[in-house]
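The structure appears below as structure tokens.
The values are calculated or read from the model by the stated rules, or taken from the named source; none is laboratory data. On a predicted model such as this, the values are computed, not experimentally measured, just so you know. All Cβ positions, glycine included, derive from the backbone under ideal geometry; neighbour counts span all protein chains shown.
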Amino acid sequence: MHTNERFDLILDYLKMHKRATVADLSKLVYVSEATVRRDLNEMQRMGLLRRTHGGAMYADGSEEVSIFVRQEVNATGKEVTASIALPHLPDFHTIFIDNSSTCLALVQRMNLQHKVAVTNGIQAATWLTQQDGVQVIMPGGELKPNTGFTGSMACNALRGFRFDVMLCSCAAIDMEGTYENSLAVKELKVTAMELSDRCILITDKTKFSLKSPYRTVGLRKYDSIFTDAEDELLSPYREAGLQIINR
């Protein structure tokens, strides 16, 4: 079976079942698990799917993926990215934290005692309430399991704040900017950026190979960008004058 035929079968299977293990796909396309892993890595690079621990899930650009699933995608890379960003964070009193799994990895490393933390993510808010002395605020609005609070009510609620720092990730990134899978998520992030003195982007290297439909902002809108991507991948960004920290 040719590579493109395997790709088609794998995509059809993921469209139907949403997720699959390497073992499942190996039986489906009659090749070794090692070959399936190589196929999945290449398909992720092409933006056709998203790798998970032990398999893959369908990358439908029209839908936001649950944070519980997103936490599995390159989990090690997100932990590394969070560790890279942590010592570079500026002083702040009030912070906005988005509903991304990468920001959640960073939040789990931060001491936010005596800080005001506003987040649209239920998982981040739940984690923060376990810390003593943190004032945790959620904006309200339309609650969806995959995106947290979004919509016009959430955006309007955010306008009652001014943030020293905004922490955010993205669904995809390229030389033109960052992107989201949901228009509502994009609008919420743009609103939070307008209300923040500093915007910090933290994104793992898999986002450089993905495509998403809604452009949020250009990369120069971010005061700092942190990632676990290799120097070779970041070379064109740095040649364009962008400061991206990866160690």
### Residue selected from region 87-123 under the condition of a type in the set (Gly, Ala, Ser) and farther than 19 Å from Lys186 by Cβ, by the criterion surrounded by the most Cβ atoms within 10 Å (Cβ to Cβ)
Ala117
### Task
For region 181-193, state whether one or more residues are over 19 Å from the mean Cα position of the chain (by Cα), within 25 Å of Gln243 (Cβ to Cβ) and free of Cβ contacts under 8 Å to residues at least 60 places away in the same chain.
no
### Any chance Ile200 is surrounded by fewer than 17 Cβ atoms within 10 Å (Cβ to Cβ) and touching a helix residue (DSSP H, G or I) at 6+ places or on another chain (Cβ under 9 Å)
no
## Note on the structure
Screening Ala154, Ala229 for residues that are surrounded by 15 or more Cβ atoms within 10 Å (Cβ to Cβ) and under 21 Å from Phe96 (Cβ atoms) leaves only Ala154
### Task
Any residue in region 118-145 that's farther than 19 Å from Leu158 by Cβ: show its pairings with residues that are surrounded by fewer than 18 Cβ atoms within 10 Å (Cβ to Cβ) and among the hydroxyl-bearing types (Ser, Thr, Tyr) at Cβ separation under 9 Å, as long as the two are six or more apart or on different chains.
Pro145/Ser66
### Query
Inside region 142-170, can you point out the residues that are within 19 Å of Leu106 (Cα to Cα) and modelled with pLDDT of 90 or more?
Phe163, Asp164, Val165, Met166, Leu167, Cys168, Ser169, Cys170
### Task
Kindly check whether there is at least one residue in region 93-101 that is at pLDDT 90 or above and in contact with a His (Cβ under 7 Å, 6 or more places away or on another chain).
no
### Message
One residue is enough: does region 188-204 have a residue meeting the conditions modelled with pLDDT under 95 and of a type outside the set (Asp, Glu)?
### Response
no
### Task
Within region 225-247, count every residue that is in a helix (DSSP H, G or I) and either farther than 21 Å from Leu86 by Cβ or outside the structural domain of Ile95 (by TED's automatic domain parsing) (or both).
7
### Task
Could you give me the residue pairs with C-beta distances under 6 Å whose first residue belongs to region 211-224 and is part of a helix (DSSP H, G or I), whose second residue is modelled with pLDDT under 95 wherever it lies, and which are 6+ apart or on separate chains?
none
### Task
Quickly run through region 115-158 and pick out the residues that are of a type in the set (A, V, I, L, M), outside any loop (DSSP other than H, G, I, E, B) and over 20 Å from the mean Cα position of the chain (by Cα).
Val116, Val136, Ile137, Met153, Ala157, Leu158
## Note on the structure
Exactly one of Thr178, Thr191 is closer than 20 Å to Val217 by Cβ, polar (S, T, N, Q), assigned by TED's automatic domain parsing to the domain that holds Thr94 and not in a helix (DSSP H, G or I), and that residue is Thr178
